[in-house]
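One structure is given below, encoded as C-alpha cells.
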Amino acid sequence: MDYERYVDAQCELLGLVLTPAQRPGVVRYLQLVAGFAPRVMDFPLAPSDESGNTFVPVAPPAASTTEAPQ
C-alpha cells in the first residue's frame, strides 16, 4: 500500500490540510495502525464477547455551590 498517496487522497476527500511537519507523523501512524489490523481482525470472538448495543451516559455530579471557583 502506498501510504503517502492514501494520506493525500484522504486529506483531499475530507478537506484536511496537513502541514509539512504533521504529514510524516500521520503517515507513520497509518503504517503503525495497518500493522495492528490483522491481529485485531484475526482475534477470535464469541457472541458473548460482543459489547452492549446501548450506551447510557451518566450525568456528571452536581457542582457544590459552597466550593470556591478555581
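The values are calculated or read from the model by the stated rules, or taken from the named source; none is laboratory data. Keep in mind it's a predicted model, so treat the numbers as computed, not measured. Glycine also receives a Cβ, built like all others from the backbone with ideal geometry; neighbour counts cover every protein chain displayed.
Is it true that Glu4 is touching a residue at least 12 places away in the same chain (Cβ under 8 Å), assigned to a helix (DSSP H, G or I) and of a type in the set (Asp, Glu)?
Here the answer is yes, as Glu4 does meet what is asked.
Taking only region 10-41 into account, find how many residues are part of a helix (DSSP H, G or I) and among the small types (Gly, Ala, Ser).
Qualifying residue count, region 10-41: 4.
Out of region 5-64, which residues are more than 18 Å from the chain's Cα centre (by Cα), among the hydroxyl-bearing types (Ser, Thr, Tyr) and either at pLDDT 90 or above or surrounded by 11 or more Cβ atoms within 10 Å (Cβ to Cβ) (or both)?
If the condition is that a residue be more than 18 Å from the chain's Cα centre (by Cα), among the hydroxyl-bearing types (Ser, Thr, Tyr) and either at pLDDT 90 or above or surrounded by 11 or more Cβ atoms within 10 Å (Cβ to Cβ) (or both), then Thr19 is the only one that fits.
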